[in-house]
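J.: My questions will all concern the structure given below.
The values are calculated or read from the model by the stated rules, or taken from the named source; none is laboratory data. Bear in mind that the values here come from a model prediction, so they are computed numbers and not experimental data. Glycine gets a Cβ as well: all are built from the backbone with ideal geometry, and neighbour counts include every protein chain shown. Please note that ligands, DNA and RNA were not included when accessible areas were found on the heavy atoms of the full protein model with its side chains. Shrake-Rupley method; radii C 1.70, N 1.55, O 1.52, S 1.80 Å.
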Amino acid sequence: MAVLCSTSMQFLLVTLAALTGICLGGSDGPRGVALPFVFDPKATCDPPCKHAGICIRNNSCFCSRGYEGETCQYANCYPKCKNGGECLRPGKCRCPSGSGGKFCHKVVCDGGCWNGGECIAVNGEAKCICPSSWTGSRCQDAICPQGCRNGGSCVAPGICSCPEGWIGGACHTAVCKKPCVNGGKCVSPNTCRCRAPFSGPQCEERKKLF
């Protein structure tokens, strides 16, 4: 090894600094190497330096900006990747499920949160917190407090979609195309419940008393 002192060595040192994007005496030098440093032009590194790192003495690498490690094998993200994210290349994080953003600093719910839901971390897991009128993993299901009866489905907060033959806020009122008469009541689609002494499809017939 030789200490850089000659004009040619100084030139090499300046060239080395220019290649790595580091200014002599600056504060941006890669971890573990300070400039000026002892440099051996005949040094060998096994395994070799990666990502444009330069072997400055035997098995000692000078890393280019954005990389670190004994052989410059690790990319460096600043700020560090959060929530278990992995630094793929300088400034680029790969985020695990449940997190997102440039540095994995945001909580992300798979598929997003619908209808005004908010994605937050609950016990380390990303979950949608829904407004009072919606429910479901993504706040995709409306809530009808009154319920939807007789096969009806809740399609919006407090609004039921009713099958044919039923109407009303909870699909609770049957529809008889021909109205029930003589005090009869429509109890299911096109079905009348008659009061005595009447009978028939629409309670139109009066029973004869003997």
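J.: Could you go through segment 101-111 and let me know if any residue there is of a type in the set (A, V, I, L, M) and either in contact with a Phe, Trp or Tyr (Cβ under 6 Å, 6 or more places away or on another chain) or within 26 Å of Cys130 (Cβ to Cβ) (or both).
T.: Looking for residues that are of a type in the set (A, V, I, L, M) and either in contact with a Phe, Trp or Tyr (Cβ under 6 Å, 6 or more places away or on another chain) or within 26 Å of Cys130 (Cβ to Cβ) (or both), one finds at least one in segment 101-111, hence yes.
J.: Criterion first (modelled with pLDDT of 85 or more, open to solvent by 40 Å² or more (accessible area, probe 1.4 Å) and either in contact with a helix residue (DSSP H, G or I) (Cβ under 8 Å, 6 or more places away or on another chain) or in a loop (DSSP other than H, G, I, E, B) (or both)) does Asn83 satisfy it?
T.: No, not satisfied.
J.: Continuing with this model, one more query. Can you spot a residue in segment 26-40 that is more than 24 Å from Gly91 (Cα to Cα) and either modelled with pLDDT of 80 or more or under 37 Å from the mean Cα position of the chain (by Cα) (or both)?
T.: Yes - at least one qualifying residue is present in segment 26-40.
J.: Considering Cys148, Cys192, which residue is surrounded by 13 or more Cβ atoms within 10 Å (Cβ to Cβ) and within 35 Å of the chain's Cα centre (by Cα)?
T.: After ruling out the rest, the residue left standing is Cys148.
J.: For Ser132, state whether it is more than 30 Å from Pro79 (Cβ to Cβ), open to solvent by 60 Å² or more (accessible area, probe 1.4 Å), without any contact (Cβ under 8 Å) to a residue 40 or more places away in the chain and under 16 Å from the mean Cα position of the chain (by Cα).
T.: When the stated conditions are applied, Ser132 does not pass them.
J.: Take the residues of segment 94-128 that are in contact with a Ser or Thr (Cβ under 9 Å, 6 or more places away or on another chain) and not in a loop (DSSP other than H, G, I, E, B): which is farthest from Val155 (Cα to Cα)?
T.: Lys106
J.: Turning to a different aspect of this structure: If I filter segment 126-146 for residues that are touching an Asp or Glu at 6+ places or on another chain (Cβ under 9 Å) and closer than 28 Å to Ser188 by Cα, do I get at least one hit?
T.: The answer is no, given that none of the residues of segment 126-146 is touching an Asp or Glu at 6+ places or on another chain (Cβ under 9 Å) and closer than 28 Å to Ser188 by Cα.
J.: Still on this structure: Condition first: β-branched (Val, Ile, Thr) and modelled with pLDDT under 95. Can you find one or more residues in segment 125-144 that meet it?
T.: Yes - at least one qualifying residue is present in segment 125-144.
J.: Confirm whether Val187 is of a type outside the set (S, T, N, Q), exposed (fewer than 13 other Cβ atoms within 10 Å of the Cβ) and within 30 Å of Lys106 (Cα to Cα).
T.: No.
J.: Sort out which residues of segment 92-129 are crowded, with 20+ Cβ neighbours inside 10 Å and more than 20 Å from Ile143 (Cβ to Cβ), and write them in order of number.
T.: The answer is Cys93, Cys95, Ser99, Phe103, Cys104.
J.: List the number of the failed condition for His172; all other conditions in (1) open to solvent by less than 60 Å² (accessible area, probe 1.4 Å); (2) more than 30 Å from Pro90 (Cα to Cα); (3) of a type outside the set (Val, Ile, Thr) hold.
T.: (1)
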